[in-house]
Amino acid sequence: MGEVDEVLDVELRAIDSDRMLLVVRGEIDLMTATSFRAAVESALSDTPSRLVLDLADVGFIDSSGLAVLIEASRRTTVALRHPSASTERVLEASGLTELFEADDP
């Protein structure tokens, strides 16, 4: 599944029967949060025990993107794979770093 927005691309892959991977590229903001939320909802539809988000190619994330991450963490374990430096700064500034696990493949 690949959803394309003007500045957001999200690809959903199954890692195994209990883990889903979302590879996210672009910007997660007010304009793209709906697409991002839909992709996360799709990933969570099979109730995985772990949702892995590859954020290496996310150049920007704002509060609407953080809200999607928080909502997902209330439903399953969320692990972040290689968050970009800008994403890491936003997570640290918002005090959310501890909410998510790190995932190294």
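The values are calculated or read from the model by the stated rules, or taken from the named source; none is laboratory data. Predicted, not measured: the structure shown is a model, and the values here were computed from it. Cβ placement follows ideal geometry from the backbone for every residue including glycine, while neighbour counts extend to all protein chains displayed. For the accessible areas, the whole protein counts, side chains as well, though only heavy atoms, and no ligand, DNA or RNA atoms are used. Shrake-Rupley method; radii C 1.70, N 1.55, O 1.52, S 1.80 Å.
In the range 40-50, the condition of being of a type in the set (Ser, Thr, Tyr) and in contact (Cβ under 8 Å) with a residue 40 or more places away in the chain is met by at least one residue.
All conditions in (1) out of contact with any His (no Cβ under 9 Å at 6 or more places or on another chain); (2) open to solvent by less than 30 Å² (accessible area, probe 1.4 Å); (3) at pLDDT 95 or above; (4) not acidic (Asp, Glu) hold for Leu55, with the sole exception of (1).
When the range 59-105 is limited to residues that are open to solvent by less than 40 Å² (accessible area, probe 1.4 Å) and small (Gly, Ala, Ser), the one that is nearest to Ile28 (Cα to Cα) turns out to be Gly65.
Mind listing just one residue for me: the one in the range 39-49 that is open to solvent by 50 Å² or more (accessible area, probe 1.4 Å) and not hydroxyl-bearing (Ser, Thr, Tyr) and, of those, nearest to Ser94 (Cα to Cα)?
Among them, the one singled out is Glu41.
Yes/no matrix, rows are residues, columns are (1) charged (D, E, K, R); (2) over 19 Å from Val90 (Cα atoms):
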site: Leu21; (1), (2): no, yes
site: Thr32; (1), (2): no, no
site: Arg37; (1), (2): yes, no
site: Ala56; (1), (2): no, no
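Here are the criteria: (1) surrounded by fewer than 18 Cβ atoms within 10 Å (Cβ to Cβ); (2) in contact with a Leu (Cβ under 7 Å, 6 or more places away or on another chain); (3) of a type outside the set (Phe, Trp, Tyr). Tell me which single one Ala14 does not satisfy. If we test Ala14 against (1) surrounded by fewer than 18 Cβ atoms within 10 Å (Cβ to Cβ); (2) in contact with a Leu (Cβ under 7 Å, 6 or more places away or on another chain); (3) of a type outside the set (Phe, Trp, Tyr), just (2) comes out false. In this structure, does Glu3 turn out to be modelled with pLDDT of 95 or more, of a type in the set (Asp, Glu), in contact with a strand residue (DSSP E or B) (Cβ under 6 Å, 6 or more places away or on another chain) and surrounded by 15 or more Cβ atoms within 10 Å (Cβ to Cβ)? Spelling it out, it is not the case that Glu3 is modelled with pLDDT of 95 or more, of a type in the set (Asp, Glu), in contact with a strand residue (DSSP E or B) (Cβ under 6 Å, 6 or more places away or on another chain) and surrounded by 15 or more Cβ atoms within 10 Å (Cβ to Cβ).
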